[in-house]
Amino acid sequence: MLSLTDIEDSPTEVSKMESVCDALAADFSRDNCYRSAHLSMTASENYPSKFVRAMGGAMQGAFYEFAPPYSTAEGEWHFPDSGAQAALVQKLAQLGCQMFQAQTFDWRPNGGAAAEQAVLLGTCSRGDAFVHFGHQDGGHSSLEELARKIGIGIFHIPVQEDSLLIDVQRLAELLAAQPEIKLVILDQSFKLRWQPLAEIREIMPPTVTLAYDASHDGGLILGGVLPQPLAAGADIVLGNTHKTIPGPQKGYVAFFNARHPVLKPVSDWICPYMQSNSHAELLVPFYMALVEISLFGRPYAQQIVKNAKALALCMHAEGLRVVGESFGYTETHQVLVSIGSPGEALHAAAHLLALAGIRCNNIEIPGSGGRHGLRFGVQALTRRGIQEIDMAVIARFIARVLVRKEPPELVRNEVALFLRSFPLHPLAFSLDSQYEEPHAIRLREEVAA
Ligand SMILES: *Cc1c(COP(=O)(O)O)cnc(C)c1O
């Protein structure tokens with residue numbers, strides 16, 4: 001551990017810098033080893049490519065950038081600029097509009113939670129109400145406390161227990177009975193299925209805004225394996241850019257109609273009310289992450305869904321309680337496994353699997369009446385070149401720990417050995433793979449030849 005006195009004791013500025021860099025290098029190296037040797041199966045993380053990461057250093061830094069996605073006369077707080085940053089904003093917004101079939105694309109939210117909160121604050125005032133997924137149905141955590149604090153009423157979307165799909169008829173009844181509802185937001189974080197958005201549009205009163213939070217499935221939507229929320233009837237699509245979209249940690253809000261009455265309030269809540277700076281140094285990595293998806297998104301998203309289905313089937317065959325047998329387990333990047341009490345699920349995620357080199361989260365299982373379990377995502381593994389034929393091996397690792405109760409440390413070494421065939425560079429479906437073929441794919445081609 002490097003202390004301030006070590007630095008002060010170094011005789012010259014150069015050697016002071018060297019001690020700092022040595023200490024940082026040790027952290028980088030530990031991070032690299034950890035990532036290489038672990039199965040990254042949290043559903044909310046990904047590996048951005050080297051190309052996208054390098055773009056984070058392309059600009060000399062960030063200027064302030066307040067310009068909203070609606071046209072406005074220049075007011076207070078003008079920041080002079082060469083025009084380069086505004087040109088980058090325009091490139092990103094144009095590509096975002098094109099990819100989400102939107103008329104506006106606001107790149108400014110510093111994450112999915114900021115995007116969601118701005119949508120809530122821009123659509124509802126004190127005394128109004130909104131509808132979203134309850135926690136037990138996978139609803140995200142960033143809206144309810146805020147709503148309670150400022151006096152916005154909260155309702156939960158009715159969900160059918162077996163299919164995990166929205167009960168559209170009961171949602172229509174709720175909207176008819178509660179005219180104070182101004183927003184319906186589909187904010188699922190545990191998401192195995194596409195929800196009937198087009199049917200929901202049909203029953204929406206004209207004064208209620210319909211928003212779709214694509215934080216989890218953004219990459220699957222842009223890759224064309226799930227429908228486009230705006231084309232299916234949503235007024236707003238929002239989300240972040242680091243789950244199935246393998247970009248930096250940012251967010252976006254896009255409107256179907258540039259004349260929508262809540263465009264201005266939602267945009268103003270993003271910035272300047274909730275945020276002042278929007279991490280403009282991430283403009284280029286954000287843009288390149290979307291370029292990457294526009295080039296490789298379809299095969300990437302198709303492989304993710306194949307991998308998730310294969311993982312679910314293999315885990316079921318290994319004796320794990322995989323959720324959703326009646327609908328083929330999953331239509332997304334996620335697979336859920338029911339474990340038991342909250343304590344047992346926490347122990348499985350935080351101790352047993354973590355010690356075995358497998359990362360995932362413990363969650364409440366939707367539609368289970370309070371059972372807890374594990375949420376796995378396959379999007380990051382897919383970027384390492386892992387395919388459905390490899391899922392039997394991965395399911396076996398998990399079952400050895402959770403079903404056969406083998407010591408996790410024994411499995412850990414085998415996980416690390418298995419992952420040597422899937423190095424972190426170059427990643428599959430990435431700009432990096434254009435210069436160097438991913439190791440796993442090269443190996444498979446050699447075996448096939
Ligand atoms: C992850 C998630 C968020 C939060 O995104 P951040 O970028 O972490 O702020 C918001 N909504 C949903 C549905 C999510 O799954």
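The values are calculated or read from the model by the stated rules, or taken from the named source; none is laboratory data. Note that this is a predicted model, so its numbers are computed, not measured. A quick note on method: Cβ atoms are made from the backbone with ideal geometry, for glycine too, and the neighbour counts reach across all protein chains shown.
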When you look at residue 264, is it basic (Lys, Arg) and under 17 Å from residue 215 (Cα atoms), yes or no? no
Restrict the check to the range 202-222 and report whether at least one residue is without any contact (Cβ under 8 Å) to a residue 60 or more places away in the chain, touching a strand residue (DSSP E or B) at 6+ places or on another chain (Cβ under 9 Å), among the β-branched types (Val, Ile, Thr) and surrounded by fewer than 24 Cβ atoms within 10 Å (Cβ to Cβ). yes
Can you tell me which residue among 160, 136 is in contact with an Asp or Glu (Cβ under 9 Å, 6 or more places away or on another chain) and either of a type in the set (Asp, Glu) or at pLDDT below 95 (or both)? 136
Applying the selection to the range 67-90, what residues are outside any loop (DSSP other than H, G, I, E, B) and in contact (Cβ under 8 Å) with a residue 60 or more places away in the chain? 85, 88, 89
Check 326, 267, 338 and return the single one that is in a helix (DSSP H, G or I), more than 16 Å from the ligand (Cβ to nearest atom) and surrounded by fewer than 16 Cβ atoms within 10 Å (Cβ to Cβ). 326
Suppose we filter the range 245-256 for residues that are within 14 Å of residue 96 (Cα to Cα) and either modelled with pLDDT under 95 or surrounded by fewer than 23 Cβ atoms within 10 Å (Cβ to Cβ) (or both); how many remain? 1
Over the range 132-149, the set of residues more than 13 Å from residue 189 (Cβ to Cβ) and away from the ligand (no atom under 13 Å from the Cβ) is 145, 147, 148, 149
Looking at the range 246-261, which of the residues that are outside any loop (DSSP other than H, G, I, E, B) and more than 11 Å from the ligand (Cβ to nearest atom) is farthest from residue 142 (Cα to Cα)? 255
Answer from 243, 191 - the residue that is out of contact with any helix residue (DSSP H, G or I) (no Cβ under 9 Å at 6 or more places or on another chain), in contact (Cβ under 8 Å) with a residue 40 or more places away in the chain and assigned to a loop (DSSP other than H, G, I, E, B): 191
How many residues does the range 76-127 contain that are of a type in the set (D, E, K, R), surrounded by 18 or more Cβ atoms within 10 Å (Cβ to Cβ) and more than 16 Å from the ligand (Cβ to nearest atom)? 0
Check the range 305-318 and report whether any residue there is outside any helix (DSSP H, G or I) and touching a Lys or Arg at 6+ places or on another chain (Cβ under 9 Å). yes
The listed residue being without any contact (Cβ under 8 Å) to a residue 24 or more places away in the chain, over 18 Å from residue 115 (Cα atoms) and away from the ligand (no atom under 16 Å from the Cβ), out of 199, 173, 180: 173
Taking the range 370-389 and keeping residues touching a residue at least 40 places away in the same chain (Cβ under 8 Å) and either assigned to a strand (DSSP E or B) or not hydrophobic (A, V, I, L, M, F, W, C) (or both) leaves 370, 373, 375, 376, 377, 379, 382, 383, 384, 385, 387, 388
Residues in the range 212-244 that are over 11 Å from residue 100 (Cα atoms) and within 11 Å of the ligand (Cβ to nearest atom) total 11
For the range 385-409, which positions are crowded, with 23+ Cβ neighbours inside 10 Å and farther than 23 Å from residue 342 by Cα? 385, 386, 391, 394
